[in-house]
Structures are given as C-alpha cells and as structure tokens.
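Visitor: The structure under discussion is supplied below as structure tokens; questions concerning it will follow.
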Amino acid sequence: MTSKHEPQLPLSYSEYLKLNKLLKCQHPISAEAGKTVHDEHLFIITHQAYELWFKQILYEIDSVRSLFSSSCVDEGKTLQIICRLNRIVLILKLLVDQFMILETMTPLDFIDFRGYLSSASGFQSLQFRLIENKLGVKESNRVKYNQQHYLKVFNDEESVQKLQDSLNSPSLFKLVESWLERTPGLEKNGFNFWKKYEEAVDCWLEESIRKPAQKENDPKKREILMMEYAKQKESFDSIFSEELHSKYVERGERNLSHEALQGALIISLYRDEPRFSQPFQIISYLMDIDSLLTKWRYNHVTTVQRMIGSKIGTGGSSGYQYLRSTVSDRYKVFLDLFNLSTFLLPRECIPPLDNQMKRRLNLLYPEDNAVPLEEKMKRVIENDED
Ligand code: HEM
C-alpha cells in the first residue's frame with residue numbers, strides 16, 4: 001500500500017528540480033554569433049541567480065502580506081511573520097554580496113559582448129518592480145528615467161496585469177500601517193500613551209535643556225542651549241500636531257499615518273514587554289529590508305560605474321547618473337521607522353506602564369494575572385483532586 005504522499009514512480013534529483021530545463025537556459029549570444037566570450041556565461045548565471053532569489057523574495061512577501069491582511073493579526077502567527085521576514089533579510093544580504101562575483105569580470109571583457117545585449121536591460125526586470133510595488137515604493141517617489149514611466153517598458157499582457165495587480169492590492173507598507181494603528185495602549189480612554197508621552201517629552205526638554213540653559217551664566221553658552229531647546233521642541237511638535245505631521249506626509253518626508261507612528265513609537269519604547277518584543281523584531285526586520293535594498297542599489301551602481309563608466313545604459317538611461325539617483329530615501333518604504341530614533345527618550349524618562357497596561361502586555365491571560373498566586377495554587381490543587 002502506498003500513501004497518497006508517496007510518489008508512484010521513483011523520482012530522481014534532476015527530475016524533481018527540472019534540472020534538464022533549468023540548466024539548458026544559458027545561451028550566450030556571443031557564442032551564437034560565433035565569437036564566444038568566456039565571461040558572458042558568468043553574466044547570464046548571475047542575472048538568473050538574482051531572478052531566482054527575487055522569485056523567492058516575492059513568494060515570502062506575498063505570504064507575509066496575507067498573514068498581515070486580516071483585520072486582527074493572530075498573535076499566534078507573529079513567529080511565522082518574523083521567520084519569513086528574516087528569510088527575506090538573509091536572501092537580500094546574499095544578493096548584496098553577489099555583485100562581488102560579477103566584478104571578477106573586467107570592463108574590457110564586458111565590452112567584448114555588451115554590444116550583443118542590444119536593448120536588453122535590468123530595467124526590464126518584472127520581478128524587481130513587483131518587489132518594489134508589493135513592499136510599497138511610492139509611485140510619486142520614483143525617479144523618472146528619460147522622462148518615462150517604468151511601466152512603459154512592459155508590453156506583454158501578463159506582465160502588465162501582474163504589475164497592475166501589485167499596484168492595486170495592499171502593499172506590505174499599507175498592511176503594516178493598519179497593524180500599527182491597532183497597537184494596544186493607544187486608546188484615549190485607556191492607557192492613553194500619547195498624552196503620557198507628550199508630558200514626558202515636555203518634562204525631559206525642560207529638565208535636560210531649558211533649566212540648565214536658564215542657570216547658565218555665560219550668555220553665549222545660554223544662547224546655544226536655548227537654540228538647541230527650540231530645535232528639539234520644533235522637532236517633537238512636528239509629531240504632536242496631527243496637522244503638521246500630515247504636511248510632512250504630503251511632502252513625502254513621512255509615510256506612516258499619525259496613529260501608526262504612535263504605534264511604532266510605543267512598541268519601540270516598551271519593546272521589553274513580552275507582547276511587544278515580537279512586534280519590535282518585525283519593525284527591525286522591515287528596516288533591514290529597506291537598508292539592504294538601498295545597499296543592493298548602491299552595489300549595483302558601483303558595479304555599473306566600474307563596468308561602463310558614464311556610458312549610457314543598454315536600456316537607454318543615462319546609466320550611472322540615473323542609478324545613482326535611486327540610492328536615496330525616496331525608495332525607503334519604512335522611512336518613518338528609521339526616523340523614530342529622533343523621538344526616543346532616555347529610559348528613565350519613559351512613562352511607566354500602569355498595572356492594567358502591564359497585564360495587557362504580558363503573555364499570560366489578563367484574568368490569570370489578576371488572580372493572586374495563592375488563589376492560583378488553590379485552583380491547581382482542586383483540579384488535581386478532581
Ligand atoms: C555588468 C553588470 C551590469 C551593468 C553594466 C548594468 C547596467 C545597468 C544600467 C545602465 C541600468 C539602468 C537602465 C539602463 O539604461 O539600462 C540598470 C538597471 C537595472 N539593473 Fe543592471 N547592470 C548590471 C548588472 C545587473 C545585475 C546582476 C542585476 C540583477 C538582477 C541587475 C538588475 C538591474 C535592475 C533591477 C535595474 C533597474 C534599477 C532601477 O531602475 O532602479 N543589473 N543596469
């Protein structure tokens with residue numbers, strides 16, 4: 001008897017992995033043109049390896065998006081989200097380093113076959129655009145290339161459809177934003193974190209800058225301290241006022257909603273509380289993804305400069321200049337999470353949690369926490385006797 005999971009026929013390694021197909025997908029055009037250039041093989045393998053890993057990244061992003069997409073993320077699923085985000089981070093680390101191998105090809109070797117590439121360019125990588133869109137790169141933040149929209153280079157129906165779908169479905173950014181907006185502790189009629197945080201900031205600015213400034217006898221030093229006070233106050237006011245925050249969002253300098261920003265801040269400040277430690281890890285991995293994509297762009301443009309200097313790209317862009325302008329905060333999806341550090345307070349100034357909030361952030365059931373220890377023991381003994 002064979003179970004339904006057991007294959008009916010013996011399956012070989014190469015059949016399972018379809019290696020016969022996969023390993024026949026490398027066709028250097030220089031060889032087809034009768035002028036084989038040794039390094040073109042490496043060029044093809046490198047691009048294909050990148051595209052395979054892009055496929056895995058997309059697979060993980062899709063699964064994380066679906067875990068985040070319910071209106072109340074099941075906390076039992078947070079570990080899955082963390083493991084998959086970590087996997088994306090590790091793949092990206094590998095991809096950032098992979099340019100080193102391609103750089104063993106010299107520019108002179110590249111020139112030997114570059115002409116055969118005609119208009120083929122990484123600019124036409126569908127999966128790269130899908131990664132950007134599914135993460136949530138803002139359309140308005142993209143650097144235009146030859147005044148053209150990147151969508152213009154995709155003509156086949158399937159690619160256009162996939163790109164449209166990636167734009168129409170909620171990005172990881174949007175889903176994370178809604179999740180952060182629901183962070184416990186933000187309720188005005190409960191712990192009311194924001195009010196307590198505002199008071200703590202006022203107190204910190206007063207004690208650490210304004211009072212020392214007033215006590216300062218040297219007018220120059222006093223002036224410097226007062227300028228520092230005004231600068232810090234202005235910076236904090238920009239998050240306390242929802243209206244000012246919206247202006248930053250309109251200008252593209254911030255992305256998260258006012259409420260989601262509060263959620264991210266409360267998680268960062270109280271990350272040692274059991275129910276916040278996993279969300280804190282999620283926030284950290286999201287920043288890692290942004291950082292590593294920026295590093296990918298940087299390593300790519302460095303390779304490009306080394307290979308073609310300031311020649312124009314095969315895709316028709318200015319090449320180095322265009323790519324250099326994409327190594328920018330405009331492409332950071334979770335920019336606000338990086339900027340959170342501006343608004344962190346020294347540990348001793350962080351508002352203490354009240355008992356109710358402590359209980360909410362504990363992993364035990366709230367009722368369990370409310371029960372005194374002796375009562376719990378009594379219940380255990382009673383249950384044993386039953
Ligand atoms: C010799 C190595 C390489 C050179 C000279 C090169 C050159 C370029 C140039 C000039 C562009 C700008 C568009 C254009 O005008 O063509 C570009 C874009 C791009 N390349 Fe490469 N590239 C190289 C390796 C790679 C590799 C290994 C990948 C991996 C998939 C890659 C992926 C991309 C992507 C995704 C873009 C679009 C970036 C964006 O628009 O933000 N490239 N490349």
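Visitor: What number of residues within the stretch 257-299 satisfy the criterion of being over 20 Å from GLU51 (Cα atoms) and of a type in the set (Phe, Trp, Tyr)?
Guide: The number of residues fulfilling the criteria is 4.
Visitor: Something else about it: Among (1) among the charged types (D, E, K, R); (2) within 16 Å of the ligand (Cβ to nearest atom); (3) surrounded by fewer than 18 Cβ atoms within 10 Å (Cβ to Cβ); (4) in a helix (DSSP H, G or I), there is one condition ASP290 misses while meeting the rest; what is its number?
Guide: (3)
Visitor: Follow-up question, since we're still on this one. Counting only residues that are touching a residue at least 60 places away in the same chain (Cβ under 8 Å) and either within 18 Å of PHE343 (Cβ to Cβ) or in a helix (DSSP H, G or I) (or both), how many does the stretch 265-287 have?
Guide: Looking only at that region, the number is 15.
Visitor: Looking for something surrounded by fewer than 14 Cβ atoms within 10 Å (Cβ to Cβ), more than 21 Å from THR314 (Cβ to Cβ) and more than 11 Å from the ligand (Cβ to nearest atom) - is there at least one such residue anywhere in the stretch 141-154?
Guide: Looking for residues that are surrounded by fewer than 14 Cβ atoms within 10 Å (Cβ to Cβ), more than 21 Å from THR314 (Cβ to Cβ) and more than 11 Å from the ligand (Cβ to nearest atom), one finds none in the stretch 141-154, hence no.
Visitor: So ARG306 fits all but one of (1) surrounded by 18 or more Cβ atoms within 10 Å (Cβ to Cβ); (2) touching a Pro at 6+ places or on another chain (Cβ under 8 Å); what number is the exception?
Guide: (1)
Visitor: Residues in the stretch 327-386 that are among the small types (Gly, Ala, Ser) and at pLDDT 90 or above: how many?
Guide: 2
Visitor: Among helices (runs of 4 or more DSSP H) lying entirely in the stretch 163-233, which contain 1 or more residues that are out of contact with any Pro (no Cβ under 9 Å at 6 or more places or on another chain) and closer than 30 Å to ASP62 by Cα?
Guide: The helices (runs of 4 or more DSSP H) meeting that bar are 172-181.
Visitor: Pull up the stretch 104-121, narrow it to residues that are within 11 Å of the ligand (Cβ to nearest atom), part of a helix (DSSP H, G or I) and out of contact with any helix residue (DSSP H, G or I) (no Cβ under 7 Å at 6 or more places or on another chain), then point me to the one that is nearest to PHE54 (Cα to Cα).
Guide: LEU117
Visitor: Something else: Inspect the stretch 301-311 for any residue being without any contact (Cβ under 8 Å) to a residue 40 or more places away in the chain, within 12 Å of the ligand (Cβ to nearest atom), in a loop (DSSP other than H, G, I, E, B) and in contact with a helix residue (DSSP H, G or I) (Cβ under 6 Å, 6 or more places away or on another chain) and give the result as yes or no.
Guide: Scanning the stretch 301-311, I find at least one residue that is without any contact (Cβ under 8 Å) to a residue 40 or more places away in the chain, within 12 Å of the ligand (Cβ to nearest atom), in a loop (DSSP other than H, G, I, E, B) and in contact with a helix residue (DSSP H, G or I) (Cβ under 6 Å, 6 or more places away or on another chain), so the answer is yes.
Visitor: Right, another one. Which of the residues that make up the stretch 64-103 are within 11 Å of the ligand (Cβ to nearest atom) and of a type in the set (S, T, N, Q)?
Guide: GLN98
Visitor: I'm checking my understanding of the structure. Among residues of the stretch 168-210 that are under 26 Å from SER69 (Cα atoms) and among the basic types (Lys, Arg), which one is modelled with the highest pLDDT?
Guide: Across the stretch 168-210, the extreme among qualifying residues is LYS174.
Visitor: Right, here's the next one. Return the total of residues in the stretch 312-347 being outside any loop (DSSP other than H, G, I, E, B) and under 24 Å from GLU139 (Cα atoms).
Guide: Result for the stretch 312-347: 15.
Visitor: Another question, then. Find the residue count for the stretch 35-74, including only residues that are within 20 Å of the chain's Cα centre (by Cα) and in contact (Cβ under 8 Å) with a residue 12 or more places away in the chain.
Guide: Of the residues in the stretch 35-74, 18 are within 20 Å of the chain's Cα centre (by Cα) and in contact (Cβ under 8 Å) with a residue 12 or more places away in the chain.
Visitor: Would you check if SER325 is of a type outside the set (Val, Ile, Thr), within 13 Å of the ligand (Cβ to nearest atom) and surrounded by fewer than 19 Cβ atoms within 10 Å (Cβ to Cβ)? Full working, then the answer.
Guide: Working: of a type outside the set (Val, Ile, Thr): yes; within 13 Å of the ligand (Cβ to nearest atom): yes; surrounded by fewer than 19 Cβ atoms within 10 Å (Cβ to Cβ): yes.
Here the answer is yes, as SER325 does meet what is asked.
The values are calculated or read from the model by the stated rules, or taken from the named source; none is laboratory data. Note that this is a predicted model, so its numbers are computed, not measured. Counting neighbours? That spans all protein chains shown, and the Cβs are built from the backbone with ideal geometry, glycine included.
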